Amino acid sequence: MSDTKTGPDTADAERLTSAPEESDGPVVGIGIRGWVLWMWRQLTSMRVALILLFLLSLAAIPGSLIPQTGQNAFKVEQWKAAHKGVTPVYEKLQLFDVYSSVWFSAIYILLFVSLAGCIVPRTWQFVGVLRAQPPAAPRVLTRMPVYAAWHTGADPKAVNAAAYRLLKKRGFRANLGGGAVSSEKGYLREVGNLAFHLSLFALLAGFAWASLASGSGGKLVVEGQGYSNTTTQLDDFTGSAFYTAEDLDAFGFKLDGFTAKYQTSGDQAGSAREFTAHIRYWEGSDATKLKTSTISVNHPLEIGSSKVFLIGHGYAPVVTVRNAKNEIVYRGPTAFLPQDGNLTSTGVIKVNDYGQDANGKKTQLGFSGYFLPTAPESFEKTGPISMFPGAADPMLVLTAYAGDLRSDAGVPQNVYQLDTKAMTQLQQDGTIARARLKAGQGWTLPDGYGTITFDGYQQWASFNVSHRPGNAVALAGAVAAILGLIGSLFVQRRRIWVRATAGPDGRTLVEVAGLARSESAKTAEELADLAVELQDDAPAIDAPEPDTEPSDGPDTEPDTEPDTELSDGPSDPVTPADPDSKE
């Protein structure tokens, strides 16, 4: 047994454990308040927090595998067009907006509440333990896992005072009283544990703030064209509760050119080596004060509180369309969207102002087809695909339609899709009319609809304009979580006691014992170093010689005490100071 007394401070120390409280469930008949308290205890337990964290990780998987509207609306439209069967199901499950979905938010909020309910009481308990004195020395120190003892001729009070000074010098929280010195070290372990939980809380808070006060928009810009950061010029915009179209930063830029370089040989031929957009931008409302800059992958342009990211690149074939009167009715670049790694691109060209056909009827033209940056010599084996992402041998493959594009009906249309319900595909010699055009070549359309000429190409770049105020908080939380985890894993909490007592023979017995929360040789090493340093104030002396000769009676073993002992004793202490240790 032990004479160590436990008080409120020691009780706080005993509660410092991350182990979940064992409970089979609420007691029947505890009432509404009892059920609410039971559910709160379950929600704030470590077990439920880990389950919620695991569920949050699982819930984030669809957001990584399925294109998200807030990140790239173009890819979402392409994905929907390629998977029309499952698109309605995905839309009902909010899989195109995972991080703002109801089910993801529910898991997120529950984890937020669980962490808050765990951190607050643990923090107050830890503060109470820090204000308390280290646990008093057990009555029987020989039961400690690490123990050393020797006899000295020094005064017990002087020895205890010297031990107190040495332990304080080594950074221990020490207390001298009751004829012994009690000390403790390694509280950074619990600090790291709390820091880890607080960092997770900050990480979630940063994500929450970002979702409530962030916004993003996408814009595709062709070389030579410009853009102003307004909702009328953005291709898409996703706001939030505290960030609307009125909060957009006032700026704009012009895309002067785009540099794309690819590896031309080896196993990685065709791999991108450089994507750089060369721009001139302005801040505020004065578009004449231009600044030169570049935007490349992972190197966004920061303007005000917004960041402009480069997220895509492709080609825009330049065509000229003439009607039957040889009048130019359409001229300019049209962005085609890449479909594979070699930038085989598909797109449509809509000629809304064609005029009248040969019969005097108002009509419109539409073209759909492929742009191949590096066309193959023949389509017989490969089909209309590009062999290399660079524009080594560009070709434009087109089919033509005539009729009504239905663009005047007031119904929004996708600029990358052709509505052919009111149009007729042009025929030539009884088959579908097609053309394969190299730069500079033209195609005379059947039925007297005029001509189309492939003048060349321009490059385009797509940008994402993002405003996310919580990113800095989330990043700081992630770094602090790693540091806290390192502290909780590698810092060892340990206790050392020193007791010097006067013996009946006039000598002083010095006992030194240590206890660690985990199996480690560090406690034994510190105890040995302390024992060696304490020799200066309490030098060991030999036991006195016995005064009488041994008798011829039965052999009796003398009650000897080794001068110096450093050994492992039983692991079970008499009175534990907290449930994680075995004092």
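The values are calculated or read from the model by the stated rules, or taken from the named source; none is laboratory data. Here the structure is a predicted model, which means the values were calculated and not measured. Don't worry about glycine lacking a Cβ; one is built from the backbone with ideal geometry, like all the others, and counts go over all protein chains shown. We work out accessible area using only protein heavy atoms, side chains counted, and drop any ligands, DNA or RNA first. Shrake-Rupley method; radii C 1.70, N 1.55, O 1.52, S 1.80 Å.
For the reader, a short list of remarks on this structure follows.
- Cα extents of segment 279-350 along the three principal axes, largest first (Å): 51, 36, 17
- Simple Cβ-charge dipole of segment 102-243, Lys/Arg +1 and Asp/Glu -1, about Cα centre, in debye nearest 20: 1320 debye
- Isotropic mean projected area of the C-alpha convex hull, segment 180-331 (nm²): 19.4 nm²
- Dipole magnitude of segment 27-177 about its Cα centre (Cβ charges: Lys, Arg +1; Asp, Glu -1), debye to nearest 20: 880 debye
- For the chain, a crude dipole built from +1 on the beta carbon of Lys and Arg and -1 on the beta carbon of Asp and Glu, taken about the Cα centre, is about 3560 debye to the nearest 20.
- Listed pairs Lys254/Lys307; Lys362/Lys421; Lys84/Lys362 exceeding 27 Å between Cα atoms: Lys84/Lys362
- For segment 73-130 and segment 338-381, distance of Cα centres in Å: 42 Å
- Cα pair distances of segment 36-95 binned at 5 Å [whole percent]: 4, 15, 19, 17, 10, 9, 10, 8, 6, 2, 0
- A 1.4 Å probe run over the protein chains yields, for the chain, 54 Å² of accessible area per residue, whole-number rounding.
- Think of the chain as having a plus end and a minus end, set by charges on the Cβ of Lys, Arg, Asp and Glu; of Asn342, Val159, Ile66, Asn342 sits farthest toward the positive end of this dipole.
- Take Asp155: with every protein chain present and a 1.4 Å probe, its accessible area is about 90 Å².
- Coil-residue trypsin sites (Lys or Arg not before Pro) of segment 301-356, DSSP, other Cβ within 10 Å capped at 11: Lys325
- For segment 104-233, the number of Lys pairs separated by eight or more positions or lying on different chains, with C-alpha atoms closer than 27 Å, is 5.
- Selection from Ser462, Leu483, Gly450, by position along the positive dipole direction of segment 385-493 (Cβ): Leu483
- Filtered trypsin sites (Lys or Arg not before Pro), segment 421-491: DSSP coil and at most 16 other beta carbons within 10 Å: Lys421
- Distant alpha-carbon pairs in segment 18-175 (separation over 19 angstrom), percent: 74 percent
- Here the ratio of the Cα radius of gyration of segment 331-387 to 2.2 N^0.38 Å is 1.50.
- One decimal place: the segment Arg331-Met46 gains 96.1 nm when fully extended, by the rule 0.36 nm per residue minus the C-alpha distance.
- The chain, accessible surface, carbon-and-sulfur percent (1.4 angstrom probe): 55 percent
- Integer Hz, Karplus 6.51/-1.76/1.60 couplings in order for segment 34-39, x for Gly and Pro: x, 5, 5, 5, 5, 5
- Stretchable slack from Gln268 to Val120, in nm (0.36 nm times residue separation minus alpha-carbon distance): 47.9 nm
- Accessible-area ranking of Phe309, Phe74, Phe336, Phe490, largest first, probe 1.4 Å: Phe490, Phe309, Phe74, Phe336
- If you take the alpha carbon atoms of segment 130-239 and fit the smallest convex hull around them, that volume is 228 Å³ per residue.
- Two-decimal ratio, the chain, of alpha-carbon radius of gyration to 2.2 N^0.38 Å: 1.59
- Model label zone, Ala358; criterion: amide N under 18 Å from point 7 Å along Cα-to-beta-carbon; scope segment 429-465: 429-434, 443-452
- Remark: segment 412-467 projects, on average over all directions, an area of 6.8 nm² (convex hull of Cα atoms).
- Acute angle (nearest 10 degrees) that the helix 46-65 long axis makes with the longest principal axis of the chain, alpha-carbon atoms: 20 degrees
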